[in-house]
1. Amide H of Val222 versus every other amide H placed in the peptide plane: which residues, excluding those fewer than 5 positions away on the same chain, fall under 5 Å?
2. May I ask you to list the aspartates and glutamates whose Cα is less than 18 Å away from that of Lys39, ignoring any residue fewer than eight positions away on the same chain?
3. Compute the distance from the alpha-carbon center of the range 99-159 to that of the range 256-272, in whole Å.
4. Among Tyr175, Ser40, Ile15, which residue has its Cα positioned farthest towards the positive end of the charge dipole of the chain, with +1 placed on the Cβ of Lys and Arg, -1 on the Cβ of Asp and Glu, and the dipole taken about the Cα centre?
5. Compute the signed sum of charges (Lys and Arg +1, Asp and Glu -1) over the other residues within less than 9 Å, Cβ to Cβ, of Met257.
6. Mind checking the dipole of the range 99-208: about its Cα centre, +1 per Lys or Arg Cβ, -1 per Asp or Glu Cβ, Debye to the nearest 20?
7. In whole angstrom, how far apart do the alpha carbon centroids of the range 160-239 and the range 44-70 sit?
8. When we measure straight from the Cα of Lys261, which aspartates and glutamates land under 14 angstrom away, once same-chain ones fewer than 8 places off are left out?
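Bear in mind that the values in this text are calculations on the coordinates, not laboratory data. Fair warning: this is a prediction, and the values are worked out from it, not measured in the lab. In this analysis, Cβ positions are derived from the backbone assuming ideal geometry, glycine residues included, and neighbour counts consider all displayed protein chains.
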Amino acid sequence: MSQIIQKIGTIDCDIVEANPVVWQNRLLRFEYIRTRTGKSGYYNNRTGDSYFRFVDQETGEFSQPFGHGLHMGNAFVWENKMIVTAVENWGKSRFYQLESTDLIHWTTPRVILENPAWQGYNTSVCRADDRFVMVFELGAPLDIVKVPFTMFFAESYDLVNWQVIDGAVFGQDIYTGAPMLRYFDGFFYFFYLNGSYENGFETFVVRSKDLKNWESSRKNPVLTYGDEDRKLLAKFTPELEKHIAGAENINASDMDMCFYKDKLEIIYSWGCQRGIEFLARAQADMTEKDFCEYFFE
């Protein structure tokens, strides 16, 4: 793992897809809360459904749940709007978008991309000059995915209409997952999960000018797993503390970040990549741009 990242500790259990955002000068954490079914899903979800929420990372205050029934969301702030992209369900064919200006009232989720042959999963959005670019993860069809999972890209000039970018793809020859996309000075920086159950999973980074030809960093991996992931940053019950201390850890996935008060705030997931997962926090002393460029110096 890069020495520029300082791991701080575990903040929750059973949350994987999450990302930090700055909203009205507050540091918030967007979280996808999985449906609780038997022993799987979020341990404290009693609603019977999946949903999204925001957490004030300094006060611990929760927003009202929203986006009920949607899955694997990602939050993106543009001007005075919070934009959330999500998939209909794990492996389903429709991607949705919903928006809010106050985190209380949300637009009705609307379909932004769909194809009956697709098996969709995660998304990530960034601003790139005069357009917005979204990466979306597919597990099928195999004729275009090749090796699941594979990343494809779409663009929008108004955050309303999205079009798939022809030929823009990453990961047809390797396993990829957990996307995070950024753009600075002509380069797209794409962070993704690389690995296997035999050798473990780590976060890697590549960059591209055209989303078609990719250069891998010689400093990979960006983020790896280790015993420091088990440090406790939040208060847990004795039962959950025991669960954290004894859990298998072969994974450092779903990294996402934002810059806040002179620190790069990083959120990631660790665990077994088989459903026993934990949400953790890290930091770096640099901007997002410097962080991305560091791996290609």
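1. Thr203, Phe204, Val205
2. Result set, ordered by chain and number: Asp12, Asp14, Asp49, Glu239, Glu241, Glu248, Glu277.
3. About 22 Å separates the Cα centre of the range 99-159 from the one of the range 256-272.
4. Ser40
5. Working: positive: Arg182; negative: Asp256, Glu265, Glu288.
Net local charge, Met257 excluded: -2.
6. Details: 6 positive and 14 negative charges, 17 e Å.
Roughly 80 debye for the range 99-208.
7. 25
8. Qualifying aspartates and glutamates at Cα under 14 Å: Glu58, Asp285, Glu288.
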